[in-house]
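Just below is one structure, and these are the notes that go with it.
What follows is calculated from the coordinates using simple rules that are stated; it is not laboratory data. Note that the structure is a prediction, hence the values are computed from the model and not measured. Don't worry about glycine lacking a Cβ; one is built from the backbone with ideal geometry, like all the others, and counts go over all protein chains shown.
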């Protein structure tokens, strides 16, 4: 039990240390601390649960990289929460995000080179990507409006749909395009957060990013729909038996 909890617990400690650093450098407020600690606790709990469910006793090298990304995103989430009440240093927020995006290209390579690719690691990586998009879309909503939240919520709407529609629980084949689309969302959202481009161009770029995201999810949904198993009604089953 202790081995299983070591990795997530270290992640929570790292999250606290990062929040303390943000408190000293950026004057992190109460909302930031609340969101950051809640995020860290959720990260620790969900990762522990995932390890138990997968029978994983310790994190692999790539998982540690993904965990570092997750901790950085917790800092971005804390700053985003504070931004609703007070100005926050956008440069610091963007810097944390850029490091998280760079590490996103590292964990997969580490997993492949060390031979530690796993279902847990892939799912962990996916959920960390989704959390970053949600946080960045919340921050970008300040400038472009609430519609941009669709980018951050898309993954979670998809997950809820899998709970309601059994045919959407099929295992999707690997597709590199998903990674490309996710990275595009991150780059466009961080550019919007940095305010480095004019508002009309920013809105256009976000709309294009959203269109790519809809296309990617839509392709997956159509793939699963085409391979769904039709539900046979009792009446149809009885008729088939009678004919036989």
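Some notes on this structure:
- Pairs of Cα atoms farther than 27 Å apart, segment 94-235, %: 29 percent
- The angle between the Cα long axis of helix 149-164 and the main principal axis of the chain comes to about 30°, on a 0 to 90 degree scale.
- Helix 119-144 and the longest principal axis of the C-alpha atoms of the chain enclose an angle of approximately 60°.
- Cα long-axis angle, helix 90-114 against the chain (0 to 90 degrees, to the nearest 10): 50 degrees
- Helix-only mean residue ellipticity at 222 nm for the chain, each DSSP H run of n ≥ 4 adding -39500 (n - 2.57), per residue, nearest 500: -28000 deg cm²/dmol
- Distance between segment 140-215 and segment 1-79 - C-alpha centres, whole angstrom: 23 Å
- Sequence-separation-based contact order of segment 2-229, relative, with Cα cut under 8 Å and 6+ spacing, percent: 18 percent
- Burial ordering of 135, 99, fewest other beta-carbon atoms within 10 Å first: 99, 135
- Cα gyration tensor shape of segment 2-229, rounded if a/c is under 1.5, else prolate or oblate by comparing a/b with b/c: oblate
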